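The values are calculated or read from the model by the stated rules, or taken from the named source; none is laboratory data. Not measured: the values here are computed from a predicted model. Heads up, the Cβs are rebuilt from the backbone with ideal geometry, glycines too, and the neighbour counts pull from every protein chain shown. Protein only, heavy atoms only, side chains kept; ligands, DNA and RNA dropped before computing areas. Shrake-Rupley method; radii C 1.70, N 1.55, O 1.52, S 1.80 Å.
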2 protein chains.
Amino acid sequence: MVLTDQVSYDGGIENVQRLPATDDEFGGVVVNMIEHMDPDVFRTLLKISMSQWKLQGKKGVWIKLPIDLSNLVDAAVKEGFRYHHAEPTYLMLLNWIPETINPIPGNASHIARVGAIVLNHKREMLVVQEKMGVLRGLWKISTGILHEGEDISAGIVREVKEETGIETEFVEVLAFSQEHKVFFGKSEILFLCMMRPLSFDIQIQETEIEAAKWMPLEEYAAQVSGQEQGLRKYITELCIANIGRNCSGFTPLPVTLDSDGNKSYIYLNKGDLSECFSI
Amino acid sequence: MVLTDQVSYDGGIENVQRLPATDDEFGGVVVNMIEHMDPDVFRTLLKISMSQWKLQGKKGVWIKLPIDLSNLVDAAVKEGFRYHHAEPTYLMLLNWIPETINPIPGNASHIARVGAIVLNHKREMLVVQEKMGVLRGLWKISTGILHEGEDISAGIVREVKEETGIETEFVEVLAFSQEHKVFFGKSEILFLCMMRPLSFDIQIQETEIEAAKWMPLEEYAAQVSGQEQGLRKYITELCIANIGRNCSGFTPLPVTLDSDGNKSYIYLNKGDLSECFSI
């Protein structure tokens, strides 16, 4: 454990006034636990530390617990900490001391998904059928979730290549939609990306994809799906618009994306779209 | 606790074969713990349940633990569970049984932030100075983080009203940027929104905002900031473009948003922009 406070530490409680901590940029402190500690010792140290930090006027107190210190979670909660976020290998807890409203941003709220509109010179669109999930059996565009720290323009090239074997070049984000309560209460933003195909021979990813093919745009548009109808409609219109000319720009149009009637918005240029389709 | 398996439960271990669970849509099960349980009983039940679920070919096993059951976290981890995500009041753990790659989407990866471009008829922009944070002392546009389940177009109206007292109407998303490692390794998408002011008398939010005013666009553009220079440049250009005409549409331009040189992209219509500014 890195000792940034001026205390000595020998694994016991006698020589330690408080848990080692570093200051954060919001007037609080961060306790980054690394070594194992007896839960009772930890709780006592935490109690002493909290009273000192309160006297010092500290605001948020953070504790980062690696998963192999899961035996300390209960002690932190008992001392008034709440969960802030977790990743597979650690849990972050927060105790906001002041009476004022906690200004600390909450956990990440959005899943970022990318979808690829890949058209060949015969007005055919690259479509896939997934092996699992609610859209199984439906011909749809290739989509995927961005990896941590991945750019939209890179993630969509990776996804198309992984699912279909097709090499593509990112052209632009044609539109994006925002949908709520997609996964454990989180929202999702789907970026619809226009992609230029650089290869044409399909090789599917066997684990996730049932089939992939080049499908005439009109045939794609004709498919009926309760779940995707609204989005599909705009995808098709954007495709057609982009064959003839550029229709770009983003204002929200309400889209009903699921059977519960949850309203979402797709952001696109209604002005350009109306020029193209007289809607 | 809701018993969806056909087992009886009286708080002991004798009459229970496994923990009550419901099937999920990915071929796995969800254990939604509600009532208190002795950690040793819980661990024994979990061990028995896991072996049965394995025999049944179940895939992902989820355990949702409310924060007042934090004394069960350690037992779940000891039985091979990993954290999936946490919110202030609960922790979700996952144990992926198959040897194959876990296809379950990870935690939400993005914070969604909105920023308001509010121009009055005198080519003045609504700007604020924040009380805290790294941008303190700088005149900047009003920004804020979307609440859970909040639409972009609604969230930006709320933020401007909260920070400045100005009533606005959402017009369109002019551009968005994606930045990585903003907060605990999470990425952030900032949606730049063109807003039409419906009122003009400023009343600041005392807790977060130091000052707010209408600032000539040229003066705003002239400010020098190591952190916002790239973004600020595009905000100004987008503002000027929108005074004369609509410049919409989104392709990525690299922007360096922080002092570490982390590259981000702002998505806008370079074609339209080049017509407007000959870049």
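Worth a mention:
- Selection count, the stretch B:176-198, where residues are among the aromatic types (Phe, Trp, Tyr) and in a loop (DSSP other than H, G, I, E, B): 1
- Any pair with Cβ under 7 angstrom, 6 or more apart, that starts in the stretch B:158-169 at a residue that is closer than 13 Å to B:Val118 by Cα and ends at one that is part of a helix (DSSP H, G or I): B:Ile166/B:Val160; B:Glu167/B:Lys161; B:Thr168/B:Val157; B:Thr168/B:Val160
Residues are listed down the side, and each one gets a yes or a no for (1) buried (at least 17 other Cβ atoms within 10 Å of the Cβ); (2) within 7 Å of chain A (Cβ to nearest Cβ):
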{"residue": "B:Leu46", "(1), (2)": "yes, no"}
{"residue": "B:Lys64", "(1), (2)": "no, no"}
{"residue": "B:Phe81", "(1), (2)": "yes, no"}
{"residue": "B:Ile97", "(1), (2)": "yes, no"}
{"residue": "B:Ser109", "(1), (2)": "yes, yes"}
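- Annotation note: of B:Val118, B:Val127, the sole residue that is in contact with a Lys or Arg (Cβ under 7 Å, 6 or more places away or on another chain), of a type in the set (A, V, I, L, M) and touching a residue at least 40 places away in the same chain (Cβ under 8 Å) is B:Val127.
- Filtered residues of the stretch B:191-208 (kept if surrounded by fewer than 23 Cβ atoms within 10 Å (Cβ to Cβ) and closer than 20 Å to B:Ile111 by Cβ): B:Glu208
- Residue in the stretch A:118-125 that is assigned by TED's automatic domain parsing to the domain that holds A:Pro216, in a strand (DSSP E or B) and out of contact with any Leu (no Cβ under 6 Å at 6 or more places or on another chain) present: yes
- Matching residues in the stretch A:194-209 - criterion: being within 14 Å of chain B (Cβ to nearest Cβ) and within 18 Å of A:Ser153 (Cα to Cα): A:Met194, A:Met195, A:Arg196
- In the stretch B:90-125, residue nearest to B:Ala76 (Cα to Cα) [restricted to those that are at pLDDT 90 or above and basic (Lys, Arg)]: B:Arg113
- Residue match in the stretch A:126-146 (condition: under 30 Å from B:Glu208 (Cα atoms) and in the same structural domain as A:Val173 (by TED's automatic domain parsing)): no
- Residue ID - nearest to A:Ser153 (Cα to Cα), chosen from residues in the stretch B:162-188 that are among the β-branched types (Val, Ile, Thr) and more than 20 Å from the chain's Cα centre (by Cα): B:Val171
- Selection count, the stretch A:112-130, where residues are within 11 Å of chain B (Cβ to nearest Cβ) and open to solvent by 10 Å² or more (accessible area, probe 1.4 Å): 2
- The number of residues in the stretch B:171-186 being open to solvent by less than 30 Å² (accessible area, probe 1.4 Å) and among the aliphatic types (A, V, I, L, M) comes to 3.
- So A:Glu218, is it out of contact with any Pro (no Cβ under 9 Å at 6 or more places or on another chain), open to solvent by 70 Å² or more (accessible area, probe 1.4 Å), away from chain B (no Cβ under 14 Å) and farther than 19 Å from A:Ile145 by Cβ: yes
- Which listed residue is crowded, with 22+ Cβ neighbours inside 10 Å, away from every other protein chain (no Cβ under 11 Å) and of a type in the set (Val, Ile, Thr), from A:Thr168, A:Thr143: A:Thr168
- Test: residue in the stretch B:173-185 that is free of Cβ contacts under 8 Å to residues at least 24 places away in the same chain, within 9 Å of another protein chain (Cβ to nearest Cβ) and aromatic (Phe, Trp, Tyr): yes
- Of all the listed residues (B:Leu93, B:Leu72), the sole one being part of a strand (DSSP E or B), of a type in the set (A, V, I, L, M) and surrounded by 18 or more Cβ atoms within 10 Å (Cβ to Cβ) is B:Leu93.
- Among the residues of the stretch A:146-165, the one identified as of a type in the set (A, V, I, L, M, F, W, C), surrounded by 23 or more Cβ atoms within 10 Å (Cβ to Cβ) and over 24 Å from B:Val173 (Cα atoms) is A:Val160.
- Among (1) in contact with a strand residue (DSSP E or B) (Cβ under 8 Å, 6 or more places away or on another chain); (2) closer than 21 Å to A:Thr89 by Cα; (3) not aliphatic (A, V, I, L, M) - the single one B:Lys122 does not satisfy: (2)
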